[in-house]
Amino acid sequence: MELTWDRLELKAGRILLEEAKTGERRVVPLVGHAADLLREHVKVRRLDTDLV
């Protein structure tokens, strides 16, 4: 719920999580339908917030 656009690397196909449940930084692969949806969403995203 707190994911921001600067944590998404759409071209690289990953999401950077600064603090996962373990408290450590984590890289999550972004593939398939989720990647497709975010690529479409970035075209119409709100500019008044950094939240995805």
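Assorted remarks:
- From the coordinates shown, P(r) over Cα pairs in 10 Å bins from 0, in percent corresponds to which of (1) 22, 36, 28, 12, 1; (2) 23, 55, 21, 1; (3) 23, 45, 23, 8, 0: (2)
- Database remark: amide H of residue 14 closer than 5 angstrom to the amide H of 9, 30 (H placed geometrically; neighbours at sequence offset of 5 or more, or on other chains; Pro and chain starts carry no H).
- Each Lys and Arg Cβ is given +1 and each Asp and Glu Cβ -1; about its Cα centre, the chain then shows a dipole of about 180 debye.
- Angle in degrees between helix 32-41 and the longest Cα principal axis of the chain, rounded to the nearest 10: 50 degrees
- Value at 222 nm in deg cm²/dmol, rounded to 500, when DSSP H runs of n ≥ 4 in the chain each add -39,500 (n - 2.57): -5500 deg cm²/dmol
Values in this text are rule-based calculations from the coordinates and carry no lab data. Remember, it's a predicted structure, so these values are computed and weren't measured experimentally. As a convention, Cβ positions derive from the backbone with ideal geometry for all residues, glycine included, and neighbour counts pool all protein chains shown.
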